[in-house]
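A quick write-up on the structure given underneath.
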Amino acid sequence: MANHMQFGFQDASSPIMEELVEFHDHALMTALAICSLVLYLLTLMLTEKLSSSTVDAQEIELVWTILPAIVLIMLALPSLQILYMMDEVNEPDLTLKAIGHQWYWTYEYTDFKDLTFDSYMTPTTDLPLGHFRLLEVDHRVIVPMESLVRVIVTADDVLHSWAVPSLGVKTDAIPGRLNQTSFTATRPGVFYGQCSEICEANHSFMPIVVESAPLANFESWSSLLSS
């Protein structure tokens with residue numbers, strides 16, 4: 001859960017998010033190295049005496065051609081690896097369908113019979129003590145921890161986006177189209193997200209709450225709802 005004055009990411013709760021955080025740090029260190037080199041060259045230009053002598057610049061041209069290529073490769077290879085990891089969904093343990101409406105979510109557990117519910121934001125007047133305003137819902141998405149969950153995302157009316165930052169998930173919900181993503185919650189907990197697409201007036205009132213629980217608790221919950 002994010003808090004005030006937080007400069008970094010939320011704590012990663014899935015392998016994909018851990019990879020994204022590591023790539024973010026890697027890219028920042030690369031940018032810091034480039035900025036330091038440029039600052040050093042600017043300082044030299046301002047402090048050194050000017051010279052009118054001509055110099056053969058083949059060596060420096062070779063350097064400023066090779067160095068950017070190396071930097072691009074250092075950034076491209078890890079990012080492509082993460083992209084392929086995010087798109088690859090092999091034999092999921094659970095399939096969840098998320099349907100965006102104005103302005104609530106409908107969830108269908110396709111592996112169970114008649115396990116469907118709507119998830120609305122809890123009004124501030126009904127919010128229990130200690131819960132988060134504009135982020136809590138009346139029905140949470142319960143998933144088993146340490147299991148690969150495939151999420152099929154679509155919309156019923158306008159564009160939405162199903163996003164949970166701590167799980168590294170953000171997928172657009174488009175009417176008439178099915179998009180899919182996946183995640184594996186590595187620890188039990190409650191993870192908050194919101195619709196990250198501007199879907200008109202009540203865009204900010206479409207929270208997403210994913211609760212990761214041990215498999216035994218998930219089976220008890222699913223059997224209770226589907227019965």
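What to note about this one:
- In this structure region 94-226 gives 47 Å² per residue of accessible area when probed at 1.4 Å with all protein chains present.
- Share of carbon and sulfur in the accessible heavy-atom surface of region 15-87 [1.4 Å probe, %]: 73 percent
- Here the label points at Q6 and L80, each 7 Å from Cα along the C-beta direction, are separated by 3.4 nm in the simple model.
- The listed residues F9, F183 rank as F9, F183 when sorted by accessible area, largest first, using a 1.4 Å probe.
- When both bridge partners sit in region 139-227, DSSP labels roughly 80% of those beta bridges antiparallel.
- Around V158: net Lys/Arg minus Asp/Glu count, Cβ-Cβ under 10 Å: -4
- Placing +1 on the Cβ of every Lys and Arg and -1 on the Cβ of every Asp and Glu, with no other charges, gives region 94-226 a dipole of roughly 340 debye about its Cα centre.
- Spin-label proximity, V89 to region 144-166 - amide N less than 16 Å from point 7 Å beyond Cα toward beta carbon: 144, 147-155, 161-164
- Note on the chain: GNM, Cα springs under 10 Å; of Y109, Y40, Y84, the largest mean-square fluctuation is that of Y40.
- Evaluated with a Cβ-only charge set (Lys, Arg +1; Asp, Glu -1), the chain carries a dipole of roughly 320 debye about its Cα centre, given to the nearest 20.
- For region 66-168: rounded, prolate or oblate by the Cα gyration tensor [a/c cutoff 1.5]: prolate
- Linear extension gain, L129 paired with A27, 0.36 nm per residue minus alpha-carbon span: 32.7 nm
- Within the straight-line cut-off of under 26 Å between alpha carbons, the lysines reachable from K170 are K97, sequence neighbours fewer than 8 places apart in one chain being disregarded.
- Oblate is the label for region 15-87. Its Cα gyration tensor axes, ordered a ≥ b ≥ c, give a/c of at least 1.5 and b/c at or above a/b.
The values are calculated or read from the model by the stated rules, or taken from the named source; none is laboratory data. Worth saying up front: this structure is predicted, and the values here are computed from it rather than measured. Reconstructed Cβ throughout: ideal geometry from the backbone, glycine too, with neighbour counts over all protein chains shown. These area figures cover heavy atoms from the full protein model, side chains too; ligands, DNA and RNA do not enter into them. Shrake-Rupley method; radii C 1.70, N 1.55, O 1.52, S 1.80 Å.
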